[in-house]
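Input: a single structure, listed below in structure tokens.
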Amino acid sequence: MLGLLGALQLPAAAAQPVGAWHAGVFPVSEFLSYTSHYGSRIGPGGSAEWHHGLDIAAPLGTTIRSWWTGVVQDLIDDERCGIGLVIRSGAYEHVYCHLAGRVEAGSLRSGPVTLVPGQWLRAGQPIGQVGMSGRTTGPHLHWGLRYRGSWLDPARILRAMAESRRALAESRRALVESRRTLTESRRAPAQNQREIAENQRRARVVAPKGPYGPSVASFR
């Protein structure tokens, strides 16, 4: 994982410090399982093939979300991917296949979503719904990632996102604790002064009187 984070940079469209993978969004709103991972596999036709992505099973009609802020680069309508699209985020391209809906007149319509090339999208924005278009044996999203033209394993990106979120949460907890400690250190002198004043008041109340008036304790 450290090798991945060291070798790759974040999308130029979202220039952030290295390790800011927490800004990525899981691409489906309802997850069932991973049905096919990146790499070599036996395809639906029974022969060995290389799978350039991650298949994520989800119920028909599940909302599909843009992984990162970016721009719609291409719309897809073919026998393999079915209805899909490519979104560009700097040097990254993220590919989504097997959507419900159709591509016509230069636009993609999937559920309530309509997209056209060149359209700007924010991370997490709905881009369609899970369907069964193209070469598929069940409803799922095929999600692929390319960096400067080279395919990446999406599972490694998801792990980087999870690690980044954990690191961010730990950093925020450390910041809260640091602020709490600083507040307490600033409050301590005033609290000590109040405690001293209270002790003096009690001393005056309980101090025994000598033959010529209050004892010296009441003047401290």
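The values are calculated or read from the model by the stated rules, or taken from the named source; none is laboratory data. Keep in mind that this is a model prediction, so the values were computed, not measured. Ideal geometry is used to build each Cβ from the backbone, glycine not excepted, and the neighbour counts take in all protein chains shown.
Within the stretch 54-112, the set of residues being within 21 Å of Tyr147 (Cα to Cα), in contact with an Asp or Glu (Cβ under 8 Å, 6 or more places away or on another chain) and aliphatic (A, V, I, L, M) comprises Leu54, Leu85, Val86, Ile87. Pairing residues of the stretch 101-123 that are free of Cβ contacts under 8 Å to residues at least 12 places away in the same chain with residues that are of a type outside the set (Asp, Glu) and part of a strand (DSSP E or B), at Cβ distances under 8 Å and at least 6 apart in sequence or on separate chains, gives Arg109/Arg102; Arg109/Val103; Thr114/Ser107; Thr114/Leu108.
Residue by residue, here is whether (1) of a type in the set (S, T, N, Q); (2) closer than 14 Å to Arg135 by Cα holds:
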{"position": "Gly46", "(1), (2)": "no, yes"}
{"position": "Trp50", "(1), (2)": "no, no"}
{"position": "Ala58", "(1), (2)": "no, no"}
{"position": "Thr69", "(1), (2)": "yes, no"}
{"position": "Tyr92", "(1), (2)": "no, no"}
{"position": "Arg102", "(1), (2)": "no, no"}
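Scoring Leu99 on the criteria (1) over 14 Å from Ile56 (Cα atoms); (2) buried (at least 18 other Cβ atoms within 10 Å of the Cβ); (3) modelled with pLDDT of 95 or more leaves a single failure, condition (1). When Arg135, Arg122, Arg156, Arg146 are checked against the criterion of being under 16 Å from Trp68 (Cβ atoms) and more than 17 Å from the chain's Cα centre (by Cα), Arg146 stands alone in meeting it.
Scanning the stretch 41-58 for residues that are aliphatic (A, V, I, L, M) and surrounded by 11 or more Cβ atoms within 10 Å (Cβ to Cβ) yields Ile42, Leu54, Ile56, Ala57, Ala58. Of all residues in the stretch 71-104, those being within 16 Å of Leu54 (Cα to Cα), part of a strand (DSSP E or B) and over 26 Å from the mean Cα position of the chain (by Cα) number 1. Those strands (runs of 3 or more DSSP E) of the stretch 105-168 in which 1 or more residues are surrounded by 16 or more Cβ atoms within 10 Å (Cβ to Cβ) and hydroxyl-bearing (Ser, Thr, Tyr) occupy 107-110, 140-147.
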